[in-house]
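Here, each number is a calculation from the coordinates, and none is a lab measurement. These numbers were taken from a predicted model, which means no experiment stands behind them. Glycine also receives a Cβ, built like all others from the backbone with ideal geometry; neighbour counts cover every protein chain displayed.
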Amino acid sequence: MKPTRVLGFESSCDETGVALVEVAGDAPPRLLAQALHSQIAMHQAYGGVVPELASRDHVRRVLPLAREVLSQAGLTLRDVDLVAYTQGPGLAGALLVGAGVAVSLAAALDLPALPIHHLEGHLLSPFLSADPPEFPFVALLVSGGHTQLMRVDDVGAYEILGETIDDAAGEAFDKSAKLLGLPYPGGPHLARLAEFGNPEAFDLPRPLLHSGKPDFSFAGLKTAVLTQVKKIGDSPCEQTRADLAAATQAAIVDVLVKKSLLALKETGLKRLVVAGGVGANARLREALNAACAKRGVRVHYPELALCTDNGAMIAMAAALRVQRGLAGEGALRRDGGFEV
Ligand code: KG4
Ligand code: ZN
């Protein structure tokens, strides 16, 4: 059977990602090549993503990255059968760069263009690992913009069990990190600082921990961190900052673990998939692994490098959709679609 080769583009925020995935019959799709350019260094001076700069940088990077991916795979544009791109959610200008390039390439090559939901990309990113999950499973999606628990029966068959009513888990990491004077994006910096801190040195709230529902709230935690930052003053010692970082991380991890266990209990499922940038957090992985091992639940993660935004997850989501014939109907229109 002739394989379908999917060229995927991600440009929703501050990473330009391009990847090529091949799918044939029922076999697991294979990642042939990928390339990524992170804009983190560019935005760091501003303490966060500057949308206008992000869009312009995507324009600069996207075609060279596509060329790099094809050359890594020893292929040319003529070998591509379908072009996929992140449809949203994300920064409108940044999304339009990936969508514009993907739809134009598809038009020029007379190929279909397939828009992919960014969160579906994250959700299906563990299928790029050597040990992909089987359906059905519970998914904990923890990114900079979203925190959701989902029941996943198959590609495209998703039921939201609970989500955040205010900030996302990544946002809680990032905003707390900023309060601690750490650079953008704060999550990984806070995690590093927390390594030599004592999580019990500060008593921080775990909002909605006992709500009995798989929902989340992180805004109150940020406020509590702000109160502590004011208390410790302008020049706290390094150990105090590390302690506050560790306490913040512990509060977020406790809530994520407890709610994941609740969703597993509610659904009776024995598999958990963790995806999105916060899924890279080592303490979260440790705590989930320990709690799930006790309950006979298997936990799947994307490879560390594929937790944050990348093109491979978009190409993979498209390949899994193609494999199930889900790419028909509208989504596979030859004129693509510009729903951002
Ligand atoms: O999934 P992602 O790359 O982008 C969105 O779709 O939002 O997630 C980025 C988020 C940021 O909030 C970042 O601080 C967080 O993931 N993050 C981490 C870690 N690595 C990335 N948070 C905690 N610990 C980490 N190691
Ligand atoms: Zn993302």
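May I ask you to list the lysines whose Cα is less than 17 Å away from that of Lys270, ignoring any residue fewer than eight positions away on the same chain? Hits, sequence-local ones excluded: Lys258, Lys259, Lys294. Relative to the Cα centre, the charge distribution of the range 157-310, modelled as +1 at Lys and Arg Cβ and -1 at Asp and Glu Cβ, gives a dipole magnitude of about 460 debye. Across all Cα atoms of the range 144-185, the radius of gyration (one decimal) and Dmax (whole number) stand at 14.0, 42 Å. If you run the Gaussian network model on the chain, springs between alpha carbon atoms under 10 Å, then out of Arg60, Arg298, Arg78 the most flexible one is Arg78.
Just check the range 34-80 against the gyration tensor rule for me: Cα atoms, a ≥ b ≥ c as the square roots of the eigenvalues, rounded for a/c under 1.5, and otherwise prolate or oblate depending on whether a/b exceeds b/c. It comes out prolate by the Cα gyration axes. In the distance distribution for the chain, Cα-Cα pairs more than 35 Å apart total 24 percent. Sort the range 47-137 into rounded, prolate or oblate with this rule: let a ≥ b ≥ c be the square roots of the eigenvalues of the Cα gyration tensor; rounded if a/c is under 1.5, and if a/c is not under 1.5, prolate when a/b is larger than b/c, oblate otherwise. Oblate, because a/c is 1.5 or more while a/b does not exceed b/c.
Note that the range 95-152, at 25 °C in a medium of 0.890 mPa s, gets a Stokes-Einstein diffusion coefficient of 180 µm²/s from its Kirkwood radius over C-alpha pairs.
Report for the chain the percent antiparallel among DSSP-assigned beta bridges with both residues inside it, nearest 5. Walk me through the intermediate numbers first.
On the way: 27 of 44 bridges.
Of the beta bridges lying entirely in the chain, close to 60 percent run antiparallel.
Put simply, the amide H of Ala84, placed in the peptide plane, has neighbours under 5 Å in Leu7, Gly8, Phe9, Leu114, leaving out anything fewer than 5 places away on its chain.
Say R0 is 22 Å: what FRET efficiency, to the nearest 0.05, do Ala45 and Arg192 get from their beta-carbon distance? Don't skip to the end; give the middle numbers.
On the way: r = 20 Å, r/R0 = 0.91.
Plugging the Cβ-Cβ distance into 1/(1 + (r/R0)^6) gives 0.65.
Between Met42, Met150, Met316, the GNM of the chain built on Cα springs shorter than 10 angstrom shows Met42 fluctuating the most.
Under the criterion of Cα pairs below 8 Å and six or more residues apart, the relative contact order for the range 182-340 equals 22 percent. Report the paramagnetic label zone for Asp79: residues of the range 28-55 whose backbone N is under 20 Å from a point 7 Å from Cα along the Cα-to-Cβ axis. 28-36, by backbone N distance to the label point. Backbone amide hydrogens, once placed in the peptide plane, bring Val273 within less than 5 Å of Val138, Ala139, Leu140, His300, excluding anything fewer than 5 places away on its chain.
Have a look at Ser260, Ser12, Ser104 and tell me which one the Gaussian network model of the chain (Cα, springs below 10 Å) gives the largest fluctuation. Among Ser260, Ser12, Ser104, the largest GNM mean-square fluctuation belongs to Ser104. An oblate overall shape is assigned to the range 53-98, the ratio a/c of its alpha-carbon gyration tensor axes (a ≥ b ≥ c) being 1.5 or greater and a/b not exceeding b/c. In a reduced charge model with +1 at each Lys and Arg Cβ and -1 at each Asp and Glu Cβ, the chain shows a dipole moment near 400 debye about its Cα centre. One chain, two ends: Arg298 and Lys230. Fully extended at 0.36 nm per residue, the span grows by 20.3 nm beyond their Cα-Cα distance. Measuring how big the range 190-249 is from its alpha-carbon positions, Rg and Dmax come out at 12.5, 40 Å. Applying the Karplus relation 6.51 cos²θ - 1.76 cosθ + 1.60 with θ = phi - 60° to the range 312-325 yields 3J(HN,Hα) values of 4, 5, 6, 5, 5, 4, 5, 5, 5, 5, 4, 4, 9, x Hz, where x marks Gly and Pro.
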